[in-house]
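This report refers to the structure that appears directly beneath it.
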Amino acid sequence: MSTNTMTKPTTLSPVQLDQINEAIKTAPESPLNALDLCDRCSKGAKAQFTLPHAENPLRFCGHHTRAYLGALMAAQPVSFWVAAEDLWTVNGVDVPAPDNRRAGDGLTDS
């Protein structure tokens with residue numbers, strides 16, 4: 001029995017990487033809310049994929065998104081939304097740096 005719980009690195013084709021990077025740049029607001037849960041576990045959903053011939057969209061937490069990302073993208077989803085901050089471990093995905101500035105903290109005021 002293995003005790004390794006780390007997600008294996010996801011390898012994506014250049015076309016899949018382009019699709020994900022473009023989706024991150026032009027990402028609309030999240031279609032998910034606090035009541036949307038991962039289809040594999042009970043954690044909050046961080047990604048949604050609508051596949052061809054699927055009745056309902058698939059929703060996954062960050063861990064399961066990274067685990068199945070290659071297969072989900074290979075299935076050519078009709079639409080998808082992924083929380084960019086959950087893809088920082090995927091090679092080739094351009095995750096924007098977080099903006100940690102807060103108004104009024106004395107350090108970022110002009």
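Using amide H atoms built in the peptide plane, which far-off residues or other-chain residues are under 5 Å from ARG40 H to H?
Sorted by chain and number, the residues that satisfy this are CYS61.
Note down the relative contact order for the range 31-87 as a percent, whole number, built from C-alpha pairs under 8 angstrom at least six residues apart.
For the range 31-87, the relative contact order is 35 percent.
Out of every Cα-Cα pair in the range 31-87, what percent are more than 16 Å apart?
Every Cα pair in the range 31-87 considered, those over 16 Å come to 35 percent.
Computed from the coordinates by the stated procedures, all read-outs in this text should not be read as laboratory data. Computed from a predicted model, the values in this text were never measured in an experiment.
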